[in-house]
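**Student:** Pasting a structure here, questions to come.
The values are calculated or read from the model by the stated rules, or taken from the named source; none is laboratory data. These figures come from a predicted structure and were not determined experimentally. Backbone-built Cβ (ideal geometry, glycine too); neighbour counts: all protein chains shown.
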Amino acid sequence: MKLETAAKIKYGIWGIICGGVIAMIVGFSWGGWTTSGTTQTMTKEAVLASQAAICVAQFMKEPNPEKKLKELGDVSSWQRAEVIEKGGWDKMPGQEKAGYAVARACADGLELLIKK
(Lines give C-alpha, C1' and ligand atoms only; values in the text may rest on other atoms or scores of the structure.)
Protein backbone atom coordinates (compact mmCIF):
# COMPACT_ATOMS: atom_id res chain seq x y z
CA MET A 1 0.00 0.00 0.00
CA LYS A 2 1.28 3.43 -0.86
CA LEU A 3 2.06 5.89 1.88
CA GLU A 4 -0.48 8.38 0.48
CA THR A 5 -3.27 5.80 0.48
CA ALA A 6 -2.53 4.77 4.07
CA ALA A 7 -2.62 8.42 5.19
CA LYS A 8 -5.94 9.01 3.39
CA ILE A 9 -7.48 5.95 5.06
CA LYS A 10 -6.11 6.96 8.47
CA TYR A 11 -7.45 10.54 8.23
CA GLY A 12 -10.73 9.33 6.74
CA ILE A 13 -11.35 6.99 9.68
CA TRP A 14 -10.49 9.75 12.16
CA GLY A 15 -12.83 12.10 10.31
CA ILE A 16 -15.69 9.62 10.58
CA ILE A 17 -15.06 9.10 14.30
CA CYS A 18 -14.81 12.84 15.05
CA GLY A 19 -17.86 13.58 12.89
CA GLY A 20 -19.90 10.99 14.76
CA VAL A 21 -18.86 12.37 18.13
CA ILE A 22 -19.67 15.93 17.07
CA ALA A 23 -23.05 14.81 15.68
CA MET A 24 -23.91 13.13 19.00
CA ILE A 25 -22.86 16.18 21.03
CA VAL A 26 -24.94 18.51 18.87
CA GLY A 27 -27.89 16.09 18.78
CA PHE A 28 -28.11 15.59 22.55
CA SER A 29 -27.32 19.21 23.41
CA TRP A 30 -29.42 21.15 20.90
CA GLY A 31 -31.15 18.60 18.69
CA GLY A 32 -33.63 17.32 21.24
CA TRP A 33 -32.35 13.74 21.30
CA THR A 34 -33.05 11.88 24.53
CA THR A 35 -32.16 8.55 26.05
CA SER A 36 -34.85 6.00 26.81
CA GLY A 37 -34.54 6.70 30.55
CA THR A 38 -35.18 10.41 30.04
CA THR A 39 -38.12 9.66 27.77
CA GLN A 40 -39.67 7.31 30.33
CA THR A 41 -39.29 9.94 33.06
CA MET A 42 -40.90 12.58 30.87
CA THR A 43 -43.77 10.22 30.09
CA LYS A 44 -44.38 9.44 33.77
CA GLU A 45 -44.39 13.17 34.59
CA ALA A 46 -46.87 13.88 31.79
CA VAL A 47 -49.21 11.10 32.95
CA LEU A 48 -48.99 12.37 36.53
CA ALA A 49 -49.82 15.91 35.42
CA SER A 50 -52.86 14.76 33.45
CA GLN A 51 -54.08 12.60 36.34
CA ALA A 52 -53.66 15.54 38.74
CA ALA A 53 -55.75 17.70 36.41
CA ILE A 54 -58.48 15.04 36.35
CA CYS A 55 -58.33 14.85 40.15
CA VAL A 56 -58.81 18.62 40.45
CA ALA A 57 -61.75 18.46 38.03
CA GLN A 58 -63.34 15.62 40.03
CA PHE A 59 -62.90 17.65 43.22
CA MET A 60 -64.50 20.73 41.66
CA LYS A 61 -67.49 18.69 40.37
CA GLU A 62 -68.50 17.84 43.92
CA PRO A 63 -71.45 19.74 45.39
CA ASN A 64 -70.37 23.03 47.00
CA PRO A 65 -66.68 22.97 45.97
CA GLU A 66 -65.97 26.37 47.55
CA LYS A 67 -66.81 24.99 50.99
CA LYS A 68 -64.67 21.91 50.37
CA LEU A 69 -61.78 24.13 49.23
CA LYS A 70 -62.06 26.13 52.43
CA GLU A 71 -62.08 22.92 54.48
CA LEU A 72 -59.06 21.66 52.55
CA GLY A 73 -57.33 24.98 53.18
CA ASP A 74 -57.84 24.55 56.93
CA VAL A 75 -56.00 21.21 56.83
CA SER A 76 -52.19 21.33 57.00
CA SER A 77 -50.45 21.03 53.66
CA TRP A 78 -48.88 17.73 54.72
CA GLN A 79 -52.28 16.12 55.30
CA ARG A 80 -54.07 17.38 52.18
CA ALA A 81 -53.04 14.36 50.11
CA GLU A 82 -54.58 12.08 52.72
CA VAL A 83 -57.84 14.07 52.62
CA ILE A 84 -57.90 13.75 48.83
CA GLU A 85 -57.28 10.00 49.07
CA LYS A 86 -60.12 9.63 51.57
CA GLY A 87 -62.43 11.63 49.30
CA GLY A 88 -61.56 9.37 46.38
CA TRP A 89 -60.87 12.24 43.97
CA ASP A 90 -57.44 10.87 43.09
CA LYS A 91 -58.88 7.68 41.60
CA MET A 92 -59.07 7.65 37.84
CA PRO A 93 -62.13 6.17 36.14
CA GLY A 94 -61.85 2.38 36.24
CA GLN A 95 -59.14 2.43 38.90
CA GLU A 96 -59.54 0.87 42.34
CA LYS A 97 -56.71 2.72 44.09
CA ALA A 98 -54.52 5.60 43.04
CA GLY A 99 -50.94 6.24 44.00
CA TYR A 100 -49.85 8.78 46.58
CA ALA A 101 -48.12 10.83 43.89
CA VAL A 102 -51.44 11.60 42.21
CA ALA A 103 -52.99 12.76 45.49
CA ARG A 104 -49.93 14.92 46.25
CA ALA A 105 -49.98 16.51 42.77
CA CYS A 106 -53.73 17.06 43.09
CA ALA A 107 -53.22 18.74 46.47
CA ASP A 108 -50.62 21.02 44.91
CA GLY A 109 -53.05 21.92 42.12
CA LEU A 110 -55.88 22.59 44.56
CA GLU A 111 -53.56 24.75 46.66
CA LEU A 112 -53.45 27.19 43.77
CA LEU A 113 -57.25 27.39 43.90
CA ILE A 114 -57.25 27.78 47.67
CA LYS A 115 -55.00 30.83 47.40
CA LYS A 116 -57.38 32.60 45.00
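**Student:** Report, by residue number, each residue of the stretch 61-93 that is in a helix (DSSP H, G or I), among the aliphatic types (A, V, I, L, M) and in contact (Cβ under 8 Å) with a residue 40 or more places away in the chain.
**Tutor:** Within the stretch 61-93, the subset in a helix (DSSP H, G or I) is 61, 65-74, 80-87.
Filter once more, keeping what is among the aliphatic types (A, V, I, L, M): 69, 72, 81, 83-84.
If the condition is that a residue be in a helix (DSSP H, G or I), among the aliphatic types (A, V, I, L, M) and in contact (Cβ under 8 Å) with a residue 40 or more places away in the chain, then LEU69, LEU72 are the ones that fit.
**Student:** Would you say ALA57 is in contact (Cβ under 8 Å) with a residue 12 or more places away in the chain, assigned by TED's automatic domain parsing to the domain that holds ARG104, assigned to a helix (DSSP H, G or I) and of a type outside the set (S, T, N, Q)?
**Tutor:** Numbers: in contact (Cβ under 8 Å) with a residue 12 or more places away in the chain: no; assigned by TED's automatic domain parsing to the domain that holds ARG104: yes; assigned to a helix (DSSP H, G or I): yes; of a type outside the set (S, T, N, Q): yes.
Here the answer is no, as ALA57 does not meet what is asked.
**Student:** If you don't mind, another one. Please go through the stretch 18-31 and pick out each residue that is in a helix (DSSP H, G or I) and surrounded by 10 or more Cβ atoms within 10 Å (Cβ to Cβ).
**Tutor:** CYS18, GLY19, GLY20, VAL21, ILE22, ALA23, MET24, ILE25, VAL26, GLY27, PHE28
**Student:** Could you tell me which residue of the stretch 94-110 is nearest to THR41 (Cα to Cα), considering only residues that are assigned to a loop (DSSP other than H, G, I, E, B) and not polar (S, T, N, Q)? Step through it out loud before you land on a result.
**Tutor:** First, pick out the residues of the stretch 94-110 that are assigned to a loop (DSSP other than H, G, I, E, B): 94-99.
Those still in the list that are not polar (S, T, N, Q) too: 94, 96-99.
Details: GLY94: 24, GLU96: 24, LYS97: 22, ALA98: 19, GLY99: 16 Å.
Ranking the qualifying residues of the stretch 94-110, first place goes to GLY99.
**Student:** Between ALA46, ALA57, which is among the aliphatic types (A, V, I, L, M) and exposed (fewer than 11 other Cβ atoms within 10 Å of the Cβ)?
**Tutor:** Working: ALA57 fails: exposed (fewer than 11 other Cβ atoms within 10 Å of the Cβ).
On inspection, the qualifying residue turns out to be ALA46.
**Student:** Considering THR38, THR34, which residue is assigned to a helix (DSSP H, G or I), surrounded by 10 or more Cβ atoms within 10 Å (Cβ to Cβ) and of a type outside the set (A, V, I, L, M, F, W, C)?
**Tutor:** Testing whether each residue is assigned to a helix (DSSP H, G or I), surrounded by 10 or more Cβ atoms within 10 Å (Cβ to Cβ) and of a type outside the set (A, V, I, L, M, F, W, C) leaves just THR38.
**Student:** Consider LEU113 against the criteria (1) among the hydrophobic types (A, V, I, L, M, F, W, C); (2) surrounded by 14 or more Cβ atoms within 10 Å (Cβ to Cβ); (3) modelled with pLDDT of 90 or more: it satisfies all of them except one. Which criterion is unmet?
**Tutor:** Going through (1) among the hydrophobic types (A, V, I, L, M, F, W, C); (2) surrounded by 14 or more Cβ atoms within 10 Å (Cβ to Cβ); (3) modelled with pLDDT of 90 or more one by one, LEU113 breaks only (3).
**Student:** Then there is this: Return the pair list, or none, for Cβ contacts closer than 7 Å from residues in the stretch 105-116 that are in the same structural domain as ARG80 (by TED's automatic domain parsing) and closer than 9 Å to ALA52 by Cβ to residues that are modelled with pLDDT of 85 or more and part of a loop (DSSP other than H, G, I, E, B), at least 6 apart or on different chains.
**Tutor:** That search, which allows pairs on different chains as well, returns CYS106/TRP89; CYS106/ASP90.
**Student:** Here's something else I'd like to know. Test THR5 against the criterion of being part of a helix (DSSP H, G or I), exposed (fewer than 11 other Cβ atoms within 10 Å of the Cβ), over 24 Å from the mean Cα position of the chain (by Cα) and of a type in the set (Ser, Thr, Tyr), and give yes or no.
**Tutor:** Values: part of a helix (DSSP H, G or I): yes; exposed (fewer than 11 other Cβ atoms within 10 Å of the Cβ): yes; over 24 Å from the mean Cα position of the chain (by Cα): yes; of a type in the set (Ser, Thr, Tyr): yes.
Yes.
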